[in-house]
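A short worksheet on the structure shown next.
The values are calculated or read from the model by the stated rules, or taken from the named source; none is laboratory data. The shown structure was predicted, so the numbers you read here are calculated from the model rather than taken from an experiment. No Cβ is skipped: glycine too gets one built from the backbone with ideal geometry, and neighbour counts run over all protein chains shown. Heavy atoms of the whole protein, side chains included, go into the accessibility calculation; ligands, DNA and RNA do not. Shrake-Rupley method; radii C 1.70, N 1.55, O 1.52, S 1.80 Å.
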Amino acid sequence: MLGIFPGSSVSFSRKIALFSGIVSLSVFTSEIRPAESLNKIIATVGNQSISELDFDDAQDKYQKLSNTKYLKNEDMRKSLRTRIIDFLIDRAVVDSIAEDESIQVNEKRLESEIEKRMEFMGITSRKQFEKAVESSSGMSYELWYTELPYQIKKTQLMQYKVPNHPPSDKDIRAWYAQNREKVGFEVQYRQIAIAPNNDSITEESRIHKEASEIKKSVLSDPASFGLVAGSPRNTDAGLRARKGLIDWISSFELYKTNRSVAVALSTIPVGSVSEVFRDERKRYCIVKVEGKRPTPLENVRQGIVNLLSREKEDENFMKWVRESRSTVPIQIFDEIYKKENKIPDQQETFTLD
């Protein structure tokens, strides 16, 4: 057979190879088409690409962050897809500028930040820290940890790059008027504090009973409050030395340092005695209002400025990020986003390798 058809073995081999190549290419093409669709580039930001896979990964995180303080001021008039793409673009802009500023956030930097926060909070247990984070942030620790690199970059960029816009006098006066019950008066009061010796139920019950008896006694004779506050029944030595007296202090300052006392004082008139309550130090307390007087705005102005500035931080940062988009090369290839934001068509299309 080979002698009858000279060279047929080579021809046949080539046909087999060609056929195998066509089959392989067909299989490869059928497999890569869905990947091309999934990996289609939505946008490029500097030297970063944002793909459909990035979009899919971001959806869950965006939805979870939307329910926390870490993602505010979203324009709900935009479609969800556009908001998520904006979220990805903004993050890419921050990454690009942070890289230009040599702000590096690696695993070692993350661990150092966590240790610093634990020390500041007075926490030594990692599990306790994780619980505290979840309680204060309103998100799972795992989600908080994935957000930490961005928050570190944000903090550093705010120090060096984001313009500081102090609140206007109008904003300060408006806040003062709306929160007059918190900052609008100074108070003079006496306090009796009884600390339990341990955390046992028996001790807690004993202290609560003693505090209730003291309250009943001073209600029947309000003038005796100072005498009791200056007696050994008041376990706070500093208060006892002053017969429980705390001289004039603005309710605003008091609210920042002793919230439970501020809340108790805000509900009772001059000369009255509070219910028994527990303060931040787990002591059973009773307070009596000796006097109230208006607090001038100027006495609390700086405190209001600081408060409003902190509240404006996120707003100022996001404004800066959006303004910084003009300094970073950005191309958009998502048709829905382009249509919604009236962006002219671009001819280029990209797919990830």
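The test for being within 28 Å of N306 (Cα to Cα), small (G, A, S) and at pLDDT below 90 does not hold for S200. Evaluate the following for S274: is it free of Cβ contacts under 8 Å to residues at least 40 places away in the same chain and buried (at least 16 other Cβ atoms within 10 Å of the Cβ)? Yes, satisfied.
Check whether at least one residue in the range 158-173 is among the small types (G, A, S), without any contact (Cβ under 8 Å) to a residue 40 or more places away in the chain and over 30 Å from R325 (Cβ atoms), and report yes or no. Talk me through it step by step, then tell me what you get.
From the range 158-173, those among the small types (G, A, S) are 168; that's our starting set.
Add one more test, that the residue is without any contact (Cβ under 8 Å) to a residue 40 or more places away in the chain, and what stays is 168.
Add one more test, that the residue is over 30 Å from R325 (Cβ atoms), and what stays is none.
Within the range 158-173, none of the residues are among the small types (G, A, S), without any contact (Cβ under 8 Å) to a residue 40 or more places away in the chain and over 30 Å from R325 (Cβ atoms).
For the range 286-337, the candidate set comprises residues that are farther than 30 Å from L245 by Cα and of a type in the set (G, A, S); within that set, the residue that is most open to solvent (accessible area, probe 1.4 Å) is S326. The residue that is least open to solvent (accessible area, probe 1.4 Å), among those in the range 64-79 that are aliphatic (A, V, I, L, M) and assigned to a loop (DSSP other than H, G, I, E, B), is L71. Of all residues in the range 91-111, at least one satisfies being touching a residue at least 40 places away in the same chain (Cβ under 8 Å), touching a Ser or Thr at 6+ places or on another chain (Cβ under 7 Å) and surrounded by 12 or more Cβ atoms within 10 Å (Cβ to Cβ). The set of residues from the range 205-223 being over 12 Å from C285 (Cα atoms), open to solvent by 80 Å² or more (accessible area, probe 1.4 Å) and touching a residue at least 12 places away in the same chain (Cβ under 8 Å) comprises just one member, L219.
The set of residues in the range 159-186 being aliphatic (A, V, I, L, M) and modelled with pLDDT of 90 or more consists of I172, A174.
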